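**Student:** Take a look at this one; I'll ask things after.
All of the numbers you see were taken from the coordinates with simple rules; none came from a lab. Remember, predicted model here, so these are calculated numbers, not experimental data. Please note: Cβ atoms are built from the backbone with ideal geometry, for glycine as well, and neighbour counts cover all protein chains shown.
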Amino acid sequence: MYQSLHTTLIGPKATPFEVQIRTWDMHRVAEYGIAAHWAYKEANKNKKSTVVVQDDKLSWIRETLEWQKELQDPDEFLKTLKTELFEDEVYVFTPRGDIKVLPRGATPIDFAYNIHAEVGHKMVGCKINSKMMPIVTKLHNGDIVEVVTSDTSKGPSRDWLKFVKSTSARNRILQWFKKTQREENIVKGKELIDKEIKRIGMNHSDLFKPEWVQVALDRYKYLSLDDMFASVGFGAISPVKIIARILEEYRKEHKEEEIEEKIEELSKPRVNQNKSSKTGIIVKGIDNCLVKLSKCCNPLPGDSIIGYITKGRGVSVHRSDCVNVKDLLSEEGRMIDVAWYTEAKASYNVDIEVLSNDRNGLLADIIKELSNVKVTLIEVNSKVNKNKTVLTELTLELESLDELNKALKSLRKVDSVYEVRRKK
């Protein structure tokens with residue numbers, strides 16, 4: 001169905017760009033998707049379609065059926081089908097000037113797998129327009145993308161599935177996990193299913209009768225129990241769907257029990273699915289990520305925070321009002337959502353400044369006031385200026401913003417103190 005002429009030119013700043021000359025039929029495909037093109041053709045039944053067009057249609061259908069076999073989950077297949085039919089596209093270049101067409105919102109991960117599966121599997125970094133960038137950066141029209149690979153790469157990360165937009169990249173990543181980590185996926189799948197069973201107050205033995213499990217295997221077309229566990233383990237299907245199907249069989253023999261409540265409980269999202277780092281920070285969409293609290297602003301639980309993807313040092317977390325944030329915001333694609341993990345307590349160091357007039361016993365009174373509100377003092381540095389004013393710098397160990405505000409309020413009561421502020 002492709003009816004378009006292309007030529008690539010080099011602009012005045014050595015940036016390649018593409019010109020397309022296409023038919024109105026091709027324009028409809030590009031703007032509204034394959035489905036709209038077919039509908040337009042059907043409206044003109046008096047016009048005979050060529051055998052070539054019909055073959056192209058059948059080829060696309062065959063490819064779609066292959067996706068269905070790989071995905072197995074009907075909901076996931078439907079989502080994929082909608083994406084392929086209606087998703088807008090983004091045009092990017094290889095360093096040689098070759099054009100790659102990807103779904104809008106695609107990342108360098110999609111780009112790598114578009115070149116070849118092995119390139120994607122060995123990917124360790126990327127350059128966008130000659131600059132090293134995170135591999136989850138969204139690509140824009142005209143970007144020149146270079147994939148950095150390594151033979152020592154351990155393969156794709158499960159987190160990549162949260163960022164890829166193209167069906168081919170998603171399928172190749174899933175197939176990699178399916179082939180290389182089958183035993184690990186079987187164990188993980190069992191654990192995920194058992195967690196969901198415990199969440200609804202039941203035991204594995206209550207549900208996993210062979211005849212009930214067989215119904216679930218037949219429903220999702222698995223040849224064995226291990227195939228099902230492996231599929232759950234590498235994320236092809238959720239454990240909730242497996243358990244919900246088995247519960248339907250369970251209900252037939254236990255009509256007196258309130259199974260509806262358990263099914264409803266299964267449908268509720270799990271709380272705190274994101275794992276917090278040792279710093280007490282959740283990086284949204286990524287588990288087990290290296291996180292570092294920025295020393296330039298020392299954020300505390302309760303502060304509004306933002307995350308910045310550094311080069312090789314994970315995610316750096318800053319207060320939203322940090323003086324360095326303006327510079328970071330100018331680097332598009334490197335900001336990421338972060339949040340405090342509220343269920344686990346942790347201690348954080350905070351620097352504050354106390355401005356006061358000089359007098360005898362001033363420092364002793366400051367330390368005493370901190371002791372009264374049960375705040376741990378880590379470090380203190382006091383300096384008397386020529387005009388007889390004193391700058392006292394304190395490092396406190398705190399658990400929350402409330403504790404900080406309590407300490408600041410207490411220090412303001414000290415005689416001769418005229419200003420207390422958090423160090424920026």
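**Student:** Beyond 21 Å between alpha-carbons counts as too far, so tell me which of Lys122/Lys221; Lys295/Lys409; Lys178/Lys221; Lys162/Lys295 fall in that bin.
**Tutor:** Numbers: Lys122/Lys221 31 Å; Lys295/Lys409 23 Å; Lys178/Lys221 16 Å; Lys162/Lys295 30 Å.
As for pairs spanning more than 21 Å Cα to Cα, those are Lys122/Lys221; Lys295/Lys409; Lys162/Lys295.
**Student:** Let me ask another. Using a cut-off of 10 Å between beta-carbons, work out the net charge of the residues near Tyr113 (Lys and Arg +1, Asp and Glu -1, Tyr113 not included). Working shown, then result.
**Tutor:** Details: positive: Arg170, Arg172; negative: Asp110, Glu118.
Residues near Tyr113 contribute 0 overall.
**Student:** Set the bar at 18 Å for Cα to Cα. Now go through Lys154/Lys190; Lys374/Lys406; Lys127/Lys154; Lys100/Lys138; Lys386/Lys423; Lys100/Lys127 and name every pair that lies beyond it.
**Tutor:** Exceeds cut-off: Lys154/Lys190; Lys127/Lys154; Lys386/Lys423.
**Student:** As an exercise, use a Förster radius of 56 Å and the Cβ-Cβ distance of Arg219 and Arg359 to find the FRET efficiency, rounded to the nearest 0.05.
**Tutor:** 0.10
**Student:** Cα-based Rg of region 348-422 per 2.2 N^0.38 Å, rounded to two decimals?
**Tutor:** Normalised Rg, Cα atoms only: 1.02.
**Student:** Next question, about the same structure. Evaluate the Kirkwood expression for the hydrodynamic radius of region 89-179, namely the inverse of the mean inverse distance over all pairs of different C-alpha atoms, and round to one decimal in Å. Show your work: numbers first, answer last.
**Tutor:** Numbers: mean 1/r = 0.0782 Å⁻¹.
After inverting the pairwise mean of 1/r, the radius is 12.8 Å.
**Student:** Can you figure out the FRET efficiency of Arg199 with Asn349, using R₀ = 25 Å and their beta-carbon distance, to the nearest 0.05?
**Tutor:** On the way: r = 37 Å, r/R0 = 1.49.
That gives a FRET efficiency of 0.10.
**Student:** Next question. Label Ala339 and Arg421 with points 7 Å out from Cα along Cα→Cβ: what is the distance between them in nm?
**Tutor:** 3.3
**Student:** In a shell of Cβ-Cβ distance under 12 Å around Ser416, excluding Ser416 itself, what net charge do Lys and Arg (+1) and Asp and Glu (-1) give?
**Tutor:** Net charge in that neighbourhood comes out at 0.
**Student:** Follow-up. Where does each of Arg422, Arg251 land when they are ranked from fewest to most other beta-carbon atoms within 10 angstrom?
**Tutor:** Arg251, Arg422
**Student:** Something else: Pull up all non-local amide H partners of Val291: gap of 5 or more, or a different chain, and H-to-H distance under 5 Å with H placed in the peptide plane.
**Tutor:** Amide H to amide H, under 5 Å and 5 or more residues apart or across chains, Val291 pairs with Val315.
**Student:** Output the peptides 352-359, 119-126 sorted from most to least packed, where packing is the average of other Cβ atoms within 10 Å over each peptide's residues.
**Tutor:** Per-residue mean Cβ counts within 10 Å order the peptides as 119-126, 352-359.
**Student:** Still on this structure, I have one more. Please give the peptides 105-117, 133-145 ranked by average Cβ packing (other Cβ atoms within 10 Å per residue), highest first, as a rough proxy for protection.
**Tutor:** Ranked from most to least packed, the peptides come out as 105-117, 133-145.
**Student:** If R0 is 45 Å, what FRET efficiency do you get for Ile367 and Lys13 from their C-beta distance, rounded to 0.05?
**Tutor:** After rounding, the FRET efficiency stands at 0.15.
**Student:** Around Ile336, which amide H atoms from residues at least 5 apart in sequence, or from another chain, sit under 5 Å from its own amide H, with H modelled in the peptide plane?
**Tutor:** Under 5 Å from the amide H of Ile336 lie the amide H atoms of Gly307, Tyr308, Ile309, each far enough along the sequence or on another chain.
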